[in-house]
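Peer 1: Structure in structure tokens, see below.
What follows is calculated from the coordinates using simple rules that are stated; it is not laboratory data. Given the structure is predicted, the values throughout are model-derived calculations rather than measurements. Note that we place each Cβ from the backbone using ideal geometry, even for glycine, and neighbour counts take in every protein chain shown.
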Amino acid sequence: MNIIIVGCGKVGRTIAEQLNGENHDITVIDNRESVIQRMTDKLDIMGIWGDGSSREILLEAGVTTADLLIAVTDADELNLYICLLASCCGGKNKISTIARVRKPLYHKDLQESNKMRDSLGLTFAINPEQIAAAEMSRLIRFPSAIEVDTFAHEAAEIYTFKISRDSPLSGKKISDLAILKGNIRICDVERDETVFIPGGDFVISPNDKVSIVCTPSNATKLFKKLGSGNVKAKNVMIIGGSRTAFYLAELLTASGVDVKIIEKSEARCNELSDLLPDAMIIRGDGMNQDLLRAEGIDSMDSVVTLMNLDEENIMLSLYARQTTNAKCITKIDRLVFDNIVDTLPLDSVIRPRELTAEAIVRYVRAVKNSEGSNVETLYKLNDGKAEALEFKVTPDSRVVSKPLSQLQFKENIQVACITRKGKVIIPKGDDTIEPNDTVIIVTTHKGLQDLDDILK
């Protein structure tokens, strides 16, 4: 696909990197010459220095023949205008447009009104804070999980968690794990930064990061058997009153969780009090340990750090781990810290820009369905070392109606789950894949476009 990205900040750069890795033709536009130079030096893409809200600049970028424009500048209004301008410049070519829209009121209106989106020439509005909040909410639902990804309209999910020394899974062959009972599939294991797609003879070791696929109800049973404590948090402390905090608190209070938000700004506290009548809003400095203790951080089931600085979020999460048994979720915005962050004893790290980029890659894959790809959903696992893909099975696929044991798969491919008429199947060798099923494939191969690509 020919894709134009307007705005090369944190999110724009990450989107460009991921889509470039998907072998699309990328053109980026930014009004900072140094940023364009760095990106074109690093990636095999075209860069244009200029104002993305200019018709001349968009025409120079090839908007009349582009398939997709993504507007991710810092201003919601500017992103919407650029999408409108692109749809007007497209002529006979019907261009798809995606705008980053962060203001809750704007995003809600765009979600609820097809007419408004059509009038703006907008195909899809994406909100990084809302995406991050949804991911955090899933992690709070399963505190033992480091990461949770959903498939098949939430009928199946992939959960990633770390193996402790006293875990019932530690030191065991996968084929010997009766605890799985055929209802749960271990689909990948990360050990010392290497990812394995394990077979039955693979032995689980302490400190492995294990990903499983199953239904949410079976995940609940497994985590209870593993001695993971409460499956769902009953009370949550959010440190920092950002937009992400608002979206997260809205999701949690709606599900009956007690939420306490600590925010320094009096004006923001007043705003949150009006927006979140079911949450407790505390005005104070989230970096003040006395305040955190006084507000009961040691009795919380989960602590989420959403301050403006990564350093503050990291320090708060490390402090929370020392003073409480709570599940700690840390927001990180700058990828420059990745090497250090991965060595720290943090429970779950959320990177909004990466989640946003993944959501856009999933959308691009969905658009390509009409061009021959049958990928429904895509998630990056293990910091991008593996992928979990959900395929819609077509009648002409080479895998249809043949027992899995008779199919010749490529190495590092696992059929993790089959969904048929809403029922989740953890497949065995004599199971078959049938037309209209959805199939979850976990692999270290990158860029699979068709279910038949899993065969040798």
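Peer 1: With point charges of +1 on the Cβ of Lys and Arg and -1 on the Cβ of Asp and Glu, referenced to the Cα centre of the chain, which listed residue (V424, I158, A71) lies farthest in the positive direction of the dipole?
Peer 2: About the Cα centre, the residue reaching furthest to the positive side is V424.
Peer 1: Short version: ³J(HN,Hα) in whole Hz for each residue of the stretch 245-257, in order, from phi by Karplus 6.51 cos²θ - 1.76 cosθ + 1.60 (θ = phi - 60°), x for Gly and Pro, what are they?
Peer 2: 4, 4, 4, 5, 4, 4, 5, 6, 5, 5, 9, x, 8
Peer 1: Now for a separate question. Can you work out the Karplus-derived ³J(HN,Hα) for every residue in the stretch 133-138? Use 6.51 cos²θ - 1.76 cosθ + 1.60 with θ = phi - 60°, whole Hz, and x for glycine or proline.
Peer 2: Taking θ as phi minus 60°, the curve returns 5, 5, 5, 4, 4, 5 Hz for the stretch 133-138.
Peer 1: Now for a different question. Loop only per DSSP, at most 16 neighbouring Cβ atoms within 10 Å: give me the GluC sites (Glu not before Pro) in the stretch 59-136, ordered by residue number.
Peer 2: Passing sites in the stretch 59-136 do not exist.
Peer 1: Find, to one decimal place in angstroms, the Kirkwood hydrodynamic radius of the chain, where the mean of 1/r is taken over every pair of different Cα atoms and then inverted.
Peer 2: 23.5 Å
Peer 1: Give me the Kirkwood hydrodynamic radius of the stretch 232-379 in Å, from all C-alpha pairs, to one decimal place? Could you put the intermediate results ahead of the total?
Peer 2: Working: mean 1/r = 0.0604 Å⁻¹.
Result for the stretch 232-379 stands at 16.6 Å.
Peer 1: Two decimals is fine: what is log10 I(q)/I(0) at q = 0.19, 0.27 Å⁻¹ for the stretch 177-253, from a Debye sum with one equal scatterer on every Cα and no solvent?
Peer 2: So the normalised log intensities work out to -0.92, -1.24.
Peer 1: If you filter the stretch 367-456 for GluC sites (Glu not before Pro), then keep DSSP loop positions with at most 10 other Cβ within 10 Å, what is left?
Peer 2: E411
Peer 1: Rounding to the nearest 20 debye, state how big the charge dipole of the chain is about its Cα centre with +1 on each Lys and Arg Cβ and -1 on each Asp and Glu Cβ.
Peer 2: That gives a dipole near 1160 debye.
Peer 1: Taking amide hydrogens as modeled 1.01 Å from N in the peptide plane, which residues meet the under 5 Å criterion relative to I282, leaving out close sequence neighbours?
Peer 2: I261, I262, E263
Peer 1: Relative to the Cα centre, what is the charge dipole magnitude of the stretch 2-126, using +1 at the beta carbon of each Lys and Arg, -1 at the beta carbon of each Asp and Glu, and rounding to the nearest 20 debye? Could the numbers behind the result be given before it?
Peer 2: Values: 14 positive and 17 negative charges, 69 e Å.
The calculated dipole for the stretch 2-126 is roughly 320 debye.
Peer 1: A further question on this structure: Taking loop as defined by DSSP and a crowding limit of 13 other beta carbons within 10 Å, which trypsin sites (Lys or Arg not before Pro) in the stretch 102-166 fit?
Peer 2: Working: sites: R102, K108, K115, R117, R138, R141, K162, R165; in loops: R102, R165.
Here the trypsin sites (Lys or Arg not before Pro) that fit, given the DSSP loop and packing criteria, are R165.
Peer 1: Sort E157, E190 so the one with the fewest other Cβ atoms within 10 Å of its own Cβ comes first.
Peer 2: E190, E157
Peer 1: Can you give me the long-range amide H partners of K327? Hydrogens built in the peptide plane at 1.01 Å from N, cutoff under 5 Å, separation of 5 or more residues or another chain.
Peer 2: S302, V303
Peer 1: Further, regarding this structure: Taking θ = phi - 60°, what integer Hz values does the Karplus form 6.51 cos²θ - 1.76 cosθ + 1.60 yield along the stretch 12-25, in sequence order, with x for Gly and Pro?
Peer 2: Each residue's phi maps through the Karplus curve to give x, 5, 5, 4, 4, 4, 5, 6, 5, x, 8, 6, 8, 8 Hz.
Peer 1: Show the residues, 5+ positions off or on another chain, whose built amide H is closer than 5 Å to the amide H of E147.
Peer 2: Here T160 satisfy the definition.
Peer 1: Taking the alpha-carbon centroid of each part, what is the distance from the stretch 151-167 to the stretch 234-292 in angstrom?
Peer 2: So the separation of the two Cα centres works out to 28 Å.
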